[in-house]
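Every number here is computed from the coordinates shown, using simple stated rules; none is lab data. This structure is a prediction, so every number in the text was calculated from the model and none was measured. Using ideal geometry, Cβ is built from the backbone for each residue, glycine included, and neighbour counts are taken over all protein chains shown.
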Amino acid sequence: MDSERARTLLNEELTRTDETADIATAGPSEGAGADRLAAGTDFGDAGARATESMDRDLTVNTLQGRRERVEAALARLDRGEYGRCAVCGAEIDDERLEIRPETDRCREHPEDDAQLPGPVED
């Protein structure tokens, strides 16, 4: 993949990630909440609020991780290392980079493999 196309895809991904993060972190305004409480309506039970908070935190953390991977890909691009597998050094095919421009792994070494524990020794 040429570097201009890669940079375009990565910058578009940063924009999407930031927009999604903005939506995820935006909550109801304090004024609206105060109005509902004053009117005698409640937001729901504490469990529902806690679940919403955990969901929001998970989404934000996921998006922060994605942003970090995209920024790392841009740094690899600047160093001339973009498009090479971090495990074996093979060229990552354009189809994979089109779909996941932030990836640093070829199809033979997917990211999920990095999360798996090694063999158990007796």
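What is the spin-label model distance, in nm, from residue 50 to residue 20 if the labels are put 7 Å beyond Cα along the C-beta direction?
Those two pseudo-labels are separated by 2.8 nm.
With θ set to phi - 60° and the Karplus curve 6.51 cos²θ - 1.76 cosθ + 1.60, what are the ³J(HN,Hα) couplings of segment 69-77 in order, to the nearest whole Hz, using x for Gly and Pro?
5, 5, 5, 5, 5, 5, 5, 4, 4
Would you please give the FRET efficiency between residue 84 and residue 59, computed as 1/(1 + (r/R0)^6) with r the Cβ-Cβ distance and R0 = 41 Å, to the nearest 0.05? Each step should come with its number before you reach the end.
On the way: r = 31 Å, r/R0 = 0.75.
The pair residue 84/residue 59 has a calculated efficiency of 0.85.
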